[in-house]
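Working notes, structure below.
The values are calculated or read from the model by the stated rules, or taken from the named source; none is laboratory data. Bear in mind the structure is a predicted one, so any value in this text is a computation, not a measurement. In this analysis, Cβ positions are derived from the backbone assuming ideal geometry, glycine residues included, and neighbour counts consider all displayed protein chains. Just the protein is used for accessible areas: all its heavy atoms, side chains included, with ligands, DNA and RNA removed. Shrake-Rupley method; radii C 1.70, N 1.55, O 1.52, S 1.80 Å.
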Amino acid sequence: MNSADMHPDQIPGYQGGPLAHLPELLNEPLFWLGHLYPCVHSEEAEELLFGADYDAAEDFHRQLSGRLDWPTFTVPVAAGRLHIIYRNLEGDRGTDYLLRHPDWDRAELIARNDGHFMGPGLSWPELTAAAGNSLDGGSTTDPDSRLLLLLPAFADLAVPDVAAERLAAALRARTAVENPEQLAATLLEDQGPCGPTHWTTTNDGQWINDGHYSYRNPTNKFALPAERLARVTAALAS
């Protein structure tokens, strides 16, 4: 896959841009505070995330959202790429999570964080598989950065006992939060902006959920059609 495929200036089916690939932001602790904020749904979690850095993080993300370009990050998956795009559109700012495969005519929007959250787009197995696959071609090969990049698109009530430890390790490695263990436990309990979500496998192998705002819940009127749900499942398979 060539450089344009790994870091595209345009993504088929996505009306946005100009995209700016800024992997250096992943080394900035203040970036992570704002990026993970959509996962926070309690005062306890907010205090654990920001600590004394609330004003600094708010200023950092005000500058990030004020850019003329759209900061974009890429995580390779089993078949394709996940793109995390900061949609710096005046009056409609947010973060979009898209899954792209070179053989598809369009990328699939699987989650969106803004005033009208849509998701989840990832189960815990899909999240950890994307974080730890060691595939080249993304913004980073660091599994902790990948896990945190994709975390706002995740919700799954059936997380294993090791989930809190895994998330705490990522928070410890990439952020400066004072109590990563407690924050990890709180974030997994809150279950992100979409709340409790169950994942199941259909008879034909589609990985779907029951989220009221999820594109991967076939009972929603806005859900992806069956054939596109199937290809999302296949692309994210570990």
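A few notes on this one:
- Residues 28, 44, 227, 189 ordered from highest to lowest accessible area at a 1.4 Å probe: 189, 227, 44, 28.
- Hull shadow area, averaged, the chain [alpha-carbon convex hull, nm²]: 12.0
- The stretch 46-127: radius of gyration and largest Cα-Cα distance (Dmax), Å: 14.9, 47
- Where trypsin sites (Lys or Arg not before Pro) fall in DSSP loop in the stretch 135-238, at most 10 other Cβ within 10 Å: 221
- Per residue Cα convex hull volume in Å³ - calculated over the stretch 160-238: 122
- Dividing the summed helix terms, -39500 (n - 2.57) for each DSSP H run of n ≥ 4, by the number of residues in the chain produces a 222 nm estimate of -10000 deg cm²/dmol to the nearest 500.
- Kirkwood-Stokes translational diffusion coefficient of the stretch 131-200, alpha-carbon pairs, 10 °C, 1.306 mPa s, µm²/s: 124
- Of the residues 69, 53, 105, the one that moves most in a GNM of the chain with alpha-carbon contacts below 10 Å is 105.
- Here's how it looks for residue 20: its modeled amide H is under 5 Å from those of 70, 72, which are all 5 or more places away or on a different chain.
- Residue of 27, 203, 217 that the Gaussian network model of the chain assigns the largest fluctuation, springs spanning Cα pairs under 10 Å: 203
- About the Cα centre, charge dipole magnitude for the chain (Lys/Arg +1, Asp/Glu -1 at Cβ), debye: 840
- Highest-fluctuation residue, 40, 77, 159 considered, GNM on the chain with Cα pairs under 10 Å: 159
- When the stretch 81-204 is reduced to its Cα atoms, the Kirkwood hydrodynamic radius in Å: 15.4
- Rounded to the nearest 20 debye, the dipole magnitude of the stretch 1-82 is 520 debye, with +1 charges on Lys and Arg beta carbons, -1 on Asp and Glu beta carbons, and the Cα centre as origin.
- Average accessible surface for the chain: 46 Å² per residue, computed with a 1.4 Å probe over protein heavy atoms with every protein chain in place.
- Ordering 212, 124, 226 by the projection of their Cα atoms onto the charge dipole of the stretch 90-234, which places +1 on the Cβ of Lys and Arg and -1 on the Cβ of Asp and Glu, puts 226 at the extreme positive end.
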